[in-house]
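All of the numbers you see were taken from the coordinates with simple rules; none came from a lab. Remember, predicted model here, so these are calculated numbers, not experimental data. Here the Cβ positions follow ideal geometry from the backbone for every residue, glycine too, while neighbour counts run over all protein chains shown.
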Amino acid sequence: SLELKKMASSSKLMMWTPFEKVKELEAGKDVRLVGKVVSFDEEEAIIESSSAQIKVLKPNVNNYNTRFVEVFGTIRNNADSQPSIEESKSVPFGENFNLKHFNRMVTLTQGRFTSLFGSASSSIAANSENAMEEG
């Protein structure tokens, strides 16, 4: 579908952002996060990892009726104790997701092993996009 192609296309351009790094990034920076849903309503949602909570502005509430969610968005405020991002899109990640292992993987792929995962993740996303176009 067109929506899947858009998601695959944007996914290959944006690596996941470790929660603890959000406070170090400047306002206006695009981020991609996965977190546990703490609360949500029409105006904002709160997601968390083991290290922090982040406020999500203008959430698509249809995607927050789950325990875990992936959020694509733009940092609006990182000066407060609880940074905020404005959602551009979100994806429900279901009820059973190991956030601790996921965060460890994200930290490794953007630390010591960046060169390994940078090129691999781009080619995986490109192959996924090509497969969707063919299918």
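When Rg and Dmax are taken over the Cα atoms of region 51-109, they come to 12.2, 32 Å.
Positive contributions from Lys and Arg (+1) and negative ones from Asp and Glu (-1), summed over other residues with Cβ under 13 Å from the Cβ of Ala79, come out at 0. Between Val91 and Ser115, the C-beta separation translates, for a Förster distance of 25 Å, into a calculated FRET efficiency of about 0.40. Here the label points at Ser81 and Glu20, each 7 Å from Cα along the C-beta direction, are separated by 1.9 nm in the simple model. Placing +1 on the Cβ of every Lys and Arg and -1 on the Cβ of every Asp and Glu, with no other charges, gives region 7-85 a dipole of roughly 260 debye about its Cα centre.
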